[in-house]
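*Asks:* Take this structure first; my questions come after.
The values are calculated or read from the model by the stated rules, or taken from the named source; none is laboratory data. Because the structure is a prediction, the values reported are computed rather than measured. Virtual Cβ from ideal backbone geometry, glycine too; neighbours counted across all protein chains shown.
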Amino acid sequence: MTTGKINVSVENIFPLIKKFLYSDHEIFLRELVSNATDATLKLKHLTSIGEASVEYGQPKIEVKIDKEGKKLHIIDEGIGMTAEEVERYINQVAFSGAEEFLDKYKDSAKDTGIIGHFGLGFYSAFMVADKVEIITKSYKDEPAAHWTCDGSPEFTLVASDKQTRGTEIILHIAEDSVEFLEESKIKGLLNKYNKFMPIPIKFGTRKEALPKPEDAPEDYQTEYQEVDNIVNNPTPAWTKQPADLTDEDYKNFYRELYPMQFDEPLFNIHLNVDYPFNLTGILYFPKLAADLQIQKDKIQLYQNQVFVTDNVEGIVPEFLTMLKGVIDSPDIPLNVSRSYLQADGNVKKISNYITRKVADKLKSLFTENREDFEKKWNDIKIVLEYGMLSEPKFYEKAGAFMLYPTVNDTFLTLDELKEKIKDAQTDKDGKLIALYAANKDAQHQYIEAATAKGYEVLLLDSPIVAHLIQKLESDNENLSFVRVDADHIDNLIKKDDTVISKLSDEQQEKLKTVVEEIVPKPTYTVQLEAMDSSAAPFIITQPEFMRRMKEMSATGGGMFGMGSMPEMY
Ligand code: ADP
Ligand code: MG
């Protein structure tokens with residue numbers, strides 16, 4: 001038997017670990033299952049290159065609750081450790097790692113909540129256990145070892161008679177952590193953190209119906225057998241090649257990710273890049289208009305199939321945080337604060353890559369099946385409009401697929417719109433005038449009046465349209481947006497002006513005087529219209545600049561932060 005003192009300068013590190021990781025005690029399970037997974041994958045690698053001459057087989061990881069004994073077991077069939085390796089990997093490396101970590105981050109990271117994401121690997125076990133045992137047998141032909149530590153820097157290391165390869169971690173759950181002896185709690189944690197880890201994880205057993213024999217008698221009773229209850233899917237869709245997946249596979253994976261989400265996604269984007277950073281994932285455009293779960297089901301971030309967080313702020317561009325799905329990247333630093341994250345070069349590259357992929361996908365959807373794309377427009381427009389305003393890289397590409405609906409339920413790109421109005425809708429300086437309505441019902445008289453004159457009227461009804469228009473105008477010098485009820489419609493030059501008023505000049509003047517007496521000036525102006533019988537004989541308009549001023553101040557003016565997003569629905 002060996003006894004010894006763990007090599008650490010802090011007198012007792014465990015109270016510190018407990019204190020600093022307080023916000024996220026539950027991640028201990030993720031860390032221990034990750035270690036078990038690592039150990040199994042290492043063995044897989046060693047056998048595949050012929051370094052380990054043992055049978056790899058079909059190893060699994062087991063998580064087991066011993067309620068009476070107040071213990072939680074995590075058992076793997078991986079490479080295991082020799083006694084000497086336990087000394088090296090458990091006693092020394094991790095402790096110095098913990099010490100360094102605490103030194104480095106004890107002030108800055110204390111309140112961020114981020115600290116839990118870093119984890120302390122194996123030592124996070126002491127957040128919930130007052131004693132931890134490791135019983136481990138290496139794939140090398142050496143006796144098994146049994147390490148015990150009760151939370152003081154003292155440990156014991158003795159030989160063990162464990163015969164099978166792999167490692168068993170036994171947590172003696174502390175009095176204040178007995179919740180981790182509840183089946184539902186552990187099940188929930190495995191589902192949250194380990195749902196897509198690459199090695200099958202067994203948690204209990206379940207009954208499975210045996211197939212009915214061919215010669216079964218009439219009164220045959222279904223027979224059951226007890227099988228391992230595997231709680232994870234080791235090969236989630238994002239780890240596969242897009243070419244190997246059907247539309248149905250993508251939809252199924254969506255349901256797997258969000259079992260409570262009943263709407264089907266509109267389309268998906270499969271991310272897959274090796275260089276200059278490694279990232280895989282699948283993003284889904286949800287049906288925004290119908291989506292009440294919007295805030296709840298978020299994009300999930302994984303590292304090597306281990307769930308890390310669903311706070312992807314800074315990694316996914318802000319306008320795309322309304323999407324759903326998964327991204328998996330080992331190249332995102334998570335051990336430090338958000339401000340560091342934003343400054344990290346890789347993270348910025350990842351965010352740009354995602355923007356580009358989304359823009360490319362939208363473009364291909366548009367060019368491959370425009371009709372279908374138009375059908376989806378109402379559900380996606382808010383994300384796209386927001387992207388145009390907030391992400392210059394997206395804006396650059398969006399011209400190729402951004403649509404502007406008209407009051408007649410057709411859709412135009414900006415280029416198509418310009419082409420359409422270039423002869424018939426300009427002011428006296430030749431500037432293109434894009435007419436638009438914000439509300440088809442409230443403005444139907446103006447819309448009718450304008451369409452009667454042969455003008456194209458867009459229907460721009462999103463809450464951020466005032467900002468979008470401003471942006472488009474500042475980038476398209478020769479284009480101006482004018483609301484259909486604005487005052488200078490009459491100033492438009494048009495090619496043919498065939499509609500003639502049914503009123504005589506004299507009648508027109510009289511009418512104008514009467515109406516002008518009723519409406520408040522100078523906010524509104526009265527214009528007599530040259531119309532057919534279906535439309536109104538006169539319209540009352542408001543100067544475009546006055547209306548815009550009101551509208552911009554109503555949406556808060558300037559740009560808007562994420563805080564104002566929910567009211568867009
Ligand atoms: P990390 O996983 O980041 O290396 P940990 O503190 O989680 O840090 O683990 C420390 C080391 O202990 C691992 O690198 C590994 O060598 C060893 N180890 C931990 N758990 C196991 C296990 N289940 N099987 C084999 N080795 C393990
Ligand atoms: Mg680890």
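*Asks:* List every residue pair whose Cβ atoms sit under 6 Å apart, with the two residues 6 or more apart in sequence or on different chains, where the first one lies in the stretch 29-46 and is of a type in the set (Lys, Arg) and the second, anywhere, is part of a helix (DSSP H, G or I) and more than 12 Å from ligand 2 (Cβ to nearest atom).
*Replies:* Partner pairs satisfying both residue conditions: 30/193.
*Asks:* Considering the stretch 398-424 alone, what residues qualify as being touching a strand residue (DSSP E or B) at 6+ places or on another chain (Cβ under 6 Å) and either in a strand (DSSP E or B) or at pLDDT below 85 (or both)?
*Replies:* Hits for the stretch 398-424 are 404, 405, 406, 411, 412.
*Asks:* Something else about it: Can you tell me how many residues within the stretch 119-147 are within 10 Å of ligand 1 (Cβ to nearest atom) and among the hydrophobic types (A, V, I, L, M, F, W, C)?
*Replies:* 4
*Asks:* Please determine whether any residue of the stretch 130-137 is at pLDDT 95 or above, within 17 Å of residue 88 (Cβ to Cβ) and away from ligand 2 (no atom under 16 Å from the Cβ).
*Replies:* yes
*Asks:* Scan the stretch 120-167 for residues that are small (Gly, Ala, Ser), in contact with a helix residue (DSSP H, G or I) (Cβ under 7 Å, 6 or more places away or on another chain), within 23 Å of residue 185 (Cα to Cα) and crowded, with 22+ Cβ neighbours inside 10 Å and jot them down.
*Replies:* Hits for the stretch 120-167 are 124, 125.
*Asks:* Additional query: Taking the stretch 203-226, which residues are outside any loop (DSSP other than H, G, I, E, B) and either within 23 Å of residue 29 (Cβ to Cβ) or among the charged types (D, E, K, R) (or both)? Walk me through how you get there before you give the answer.
*Replies:* First, the residues of the stretch 203-226 that are outside any loop (DSSP other than H, G, I, E, B): 203-209, 224-226.
Selection gives 203, 204, 205, 206, 207, 208, 226.
*Asks:* Something else: Does the stretch 29-40 contain at least one residue that is away from ligand 1 (no atom under 11 Å from the Cβ), modelled with pLDDT of 65 or more and under 19 Å from residue 132 (Cα atoms)?
*Replies:* yes
*Asks:* Which one of 69, 57 is out of contact with any Leu (no Cβ under 9 Å at 6 or more places or on another chain), modelled with pLDDT of 95 or more, away from ligand 2 (no atom under 16 Å from the Cβ) and small (Gly, Ala, Ser)? So that I can check it myself, show each step before the final result.
*Replies:* Details: 57 fails: modelled with pLDDT of 95 or more.
Matching residue, one of 69, 57: 69.
*Asks:* Now for a separate question. Quick one: would you say residue 231 is in contact with a Leu (Cβ under 7 Å, 6 or more places away or on another chain) and among the β-branched types (Val, Ile, Thr)?
*Replies:* The answer is yes for residue 231.
*Asks:* Could I ask something else about it? Hey, does the stretch 385-397 have a residue that's of a type in the set (A, V, I, L, M), modelled with pLDDT of 90 or more and under 14 Å from residue 460 (Cα atoms)?
*Replies:* no
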